[in-house]
Amino acid sequence: MSTAQHKIGSGFDARSTAEDVLAGLDLTGKLAVVTGGYSGLGLETTRALTKAGARVVVPARRPAAAREAVAGIDGVEVDELDLGDLDSVRALAERFLASDRRIDFMIDNAGIMACPETRVGPGWEAQFATNHLGHFALVNRLWPAIESGGARVVSVSSRGHHFSGMRWDDVHWQRGDYDKWLAYGQAKTANVLFAVQLDRLGQEHGVRAFSLHPGGIMTPLQRHLPKEEMIASGWIDEDGNPIPQVGFKTPQEGAATQVWAATSPQLDGLGGVYLEDCDIAEPAPADGERSGVKDWAVDPEQAARLWELSAELTGVNAFRA
């Protein structure tokens, strides 16, 4: 059974940092895989985990840039991965499994946001393909190492899932005008549904899964947004500085919830839930306020439906009989 969507009183909050939630934890001997762990929240996640003693594998679309970014951080290994290319996903998984290691923490952190209409693979919409399908295939291909480690799998979603549920009749935007924000919303909903179903399937194998909203943070994730759009949205001023009233988190604060999800003893025995501000999130309020989690993102029937669709599209399913 999935855990109820209600706060557990973790003692942490929106201003807690990744190092705060790891205080007192010794991760020596543990192995984490952090996709995109060389930029933005991913880099802060890598730094915090290694400081606590873990080794971190960083699959990166730009391995040279990744090696430069993590230079000087002990215990980091960079490999090549393009989540929009299933051959790249398969190759990374084969290399990792050949090393005969187990995974303790699998953090699906990499992603793209609000990009112009882009097609990858067999014509798939890029945000759904990269943020969801690539990670779906990666986790399923790495399943032997995830299962042997009794890992926690962390799917980094966003409050952006409020923008859209699953567009079951047209997940790849093959009809009508493309809307980059609705496409992003669908991809982030998929991240939550993925964790719901993976947790259901993985529990008997000792694997639990979580999804989360890291908070609003200025990172390279905004690379596709014109400055004018961010000004119009009230995120930044004319000089490009974040508006204080918006309450953006620092990257260290933004990384906290995914690090807490992966490592906290407070979550032992729990799973299948969406987190925010280092706690389990409440259901989204009926008044439309953009907080908590939408019903459509934690619906077990939709989660199972998405799993089957994803398995069909990618040709991978670790749980197929």
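Assorted remarks:
- Percent antiparallel among DSSP beta bridges (both partners in segment 54-158, rounded to 5): 20
- For segment 76-183, a crude dipole built from +1 on the beta carbon of Lys and Arg and -1 on the beta carbon of Asp and Glu, taken about the Cα centre, is about 260 debye to the nearest 20.
- Computed magnitude of the charge dipole of segment 138-212 (debye, nearest 20; Cβ of K, R +1, Cβ of D, E -1): 180
- Farthest toward positive dipole pole in segment 246-319 [+1 Lys/Arg, -1 Asp/Glu at C-beta], among Val298, Ile280, Ala256: Ala256
- Here is how the number arises for the chain: DSSP H runs of 4 or more residues each give -39500 (n - 2.57), the sum is divided by the residue count, and the result at 222 nm is -10000 deg cm²/dmol.
- Taking Lys30, Lys7 and counting other C-beta atoms within 10 Å, the order from fewest to most: Lys7, Lys30
- Anisotropy class of the chain from Cα gyration tensor, a/c 1.5 cut: rounded
- Those residues of segment 103-140 whose amide nitrogen sits under 18 Å from the label point placed on His205, 7 Å along Cα→Cβ: 103-108, 133-140
- Under the span-like rule (Cα at least 30 Å along the axis, Kyte-Doolittle mean at least 0.0), DSSP H helices of the chain: 180-202
- Amide N of segment 109-151 lying under 19 Å from the label point, which is placed 7 angstrom from the Cα of Leu97 along Cα→Cβ: 133-151
- Gain in span if fully extended, Arg90 to Ala321, counting 0.36 nm per residue against the direct Cα distance: 81.1 nm
- Reachable lysines, given that their alpha-carbon falls under 30 Å from the alpha-carbon of Lys180 and they are not under 8 places away in the same chain: Lys188, Lys227, Lys249, Lys294
- R0 of 25 Å, Cβ-Cβ distance Gln174-Ala65: FRET efficiency to nearest 0.05: 0.15
- The alpha carbon centroids of segment 48-89 and segment 97-133 are separated by 14 Å.
- Extending 7 Å from Cα along the Cβ direction at Leu270 and again at Trp181 yields two label points whose distance is 3.1 nm.
- Within segment 131-172, backbone nitrogen closer than 14 Å to the virtual label 7 Å beyond the Cα of Glu77 toward Cβ: 145-146
- Estimated at 0.36 nm per residue, the fully extended path between Glu312 and Lys51 surpasses their Cα-Cα distance by 90.0 nm.
- For peptides 166-174, 14-22, 46-54, sequence by mean Cβ density within 10 Å, most packed first: 46-54, 14-22, 166-174
- Magnitude of the charge dipole for the chain, about its Cα centre and with charges confined to Cβ atoms of Lys, Arg (+1) and Asp, Glu (-1), is about 600 debye.
- Ranked by how many other Cβ atoms sit within 10 Å of their own Cβ, fewest first, the residues Tyr178, Tyr274 fall in the order Tyr178, Tyr274.
- Listed residues Phe128, Leu22, Val33: farthest to the positive end of the dipole of segment 1-147 (Cβ charges): Leu22
Readers should treat all values here as calculations from the given coordinates under stated rules, not as data from a laboratory. In this text the structure is predicted, and so the values were computed from the model without any measurement. Cβ atoms come from the backbone with ideal geometry, glycine included; neighbour counts cover every protein chain shown.
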